[in-house]
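The values are calculated or read from the model by the stated rules, or taken from the named source; none is laboratory data. Computed from a predicted structure; not experimentally measured. So basically every Cβ, Gly included, is an ideal-geometry build from the backbone, and we count neighbours across all protein chains shown.
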């Protein structure tokens with residue numbers, strides 16, 4: 001069950017997303033929780049006038065101003081990047097961050113700390129890397145992902161250049177739809193307007209935007225670190241045309257993610273002031289399943305890392321499920337070599353050594369404890385009815 005502070009934070013976020021004012025008194029505990037969940041700047045806009053001059057509200061105001069300044073800084077930075085890459089013949093679209101902010105009642109309230117760009121032509125990914133390096137960016141060392149490269153600007157801004165939406169999952173249906181997504185993204189690129197129409201960036205239309213967010217949330221749910229901020233992004237999704245809605249439905253149906261989509265939508269309807277997406281195919285969740293999802297959000301918050309601290313099962317929590325995920329990690333880490341079945345035994349060994357080394361570097365505890373945690377988390381996913 002949720003405690004009083006968690007319930008109050010949900011109400012504050014709901015008011016902010018629907019443009020209402022809240023009379024809920026702010027406390028240090030609620031502010032700390034809002035910071036962990038990445039919504040401190042958002043709930044500032046839900047405070048009623050009576051609390052404006054009180055110390056907690058002034059602290060939130062300071063956070064809101066900081067977030068707004070960062071918003072405009074990253075908006076200008078993103079526009080520069082997209083124009084610079086386009087001049088080199090490389091088209092990109094914005095993922096997450098700014099593309100989500102467009103839908104908020106106050107775009108500047110949506111906190112984010114980096115820029116995510118998807119290269120629309122996968123064959124030009126290496127060229128995009130060269131353009132960024134020649135422009136003075138520094139490529140991050142010890143990268144532990146294959147679906148994006150991380151760069152740092154001289155100003156300290158972090159850029160994630162994506163070739164895919166996420167690391168591959170153990171479920172091949174999801175992976176096929178992610179590949180389809182990247183191939184078709186160019187046909188779903190649109191111009192997004194911020195800053196009263198002056199801040200134009202290239203993003204995705206409704207159906208593709210929703211699917212990219214759904215995959216992003218799933219990645220965080222499986223590997224730890226899903227937060228209220230991500231759920232808030234879902235609650236403010238713009239209304240789609242029938243064509244966009246049909247496209248989105250095809251993507252989630254063919255990837256087996258209707259139940260996951262519905263779970264997030266139902267959570268927004270019950271707790272965050274609504275959602276413009278429907279509940280598809282009559283696949284509904286009980287109040288207890290939604291509550292387990294909310295508890296998972298508050299248990300994790302914004303704490304994920306792309307260097308996974310454990311192997312998480314996607315399909316089930318059995319030993320077989322863990323083995324499937326282990327096999328998936330082997331394919332991710334050794335994408336080319338894994339095509340040769342004869343190399344699998346040695347690649348499994350290398351994968352296990354890498355897992356143990358990463359676990360040791362992150363100081364996550366004993367390997368067996370982490371594997372047990374993975375199984376428990378898999379059972380929780382089953383309880384939530386995440387997968388179709």
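Of the numbered criteria (1) buried (at least 21 other Cβ atoms within 10 Å of the Cβ); (2) part of a helix (DSSP H, G or I); (3) in contact (Cβ under 8 Å) with a residue 60 or more places away in the chain, the one residue 85 fails is (3).
Within region 10-24, the set of residues being over 21 Å from residue 107 (Cβ atoms), in contact with a helix residue (DSSP H, G or I) (Cβ under 8 Å, 6 or more places away or on another chain) and part of a helix (DSSP H, G or I) comprises just one member, 10. Restricting attention to region 145-154, the residues that are surrounded by 14 or more Cβ atoms within 10 Å (Cβ to Cβ) and either more than 19 Å from the chain's Cα centre (by Cα) or in contact (Cβ under 8 Å) with a residue 40 or more places away in the chain (or both) total 4. Checking the structure you have, find out if any residue of region 182-204 is surrounded by fewer than 20 Cβ atoms within 10 Å (Cβ to Cβ), at pLDDT 95 or above and more than 17 Å from residue 244 (Cβ to Cβ). Yes, the conditions are met somewhere in region 182-204.
For residue 133, indicate whether it is in a helix (DSSP H, G or I), closer than 26 Å to residue 70 by Cα and in contact with a strand residue (DSSP E or B) (Cβ under 9 Å, 6 or more places away or on another chain). Criteria met by residue 133. With respect to residue 112, is the statement that it is outside any helix (DSSP H, G or I), in the same structural domain as residue 209 (by TED's automatic domain parsing) and surrounded by fewer than 21 Cβ atoms within 10 Å (Cβ to Cβ) true? When the stated conditions are applied, residue 112 passes them.
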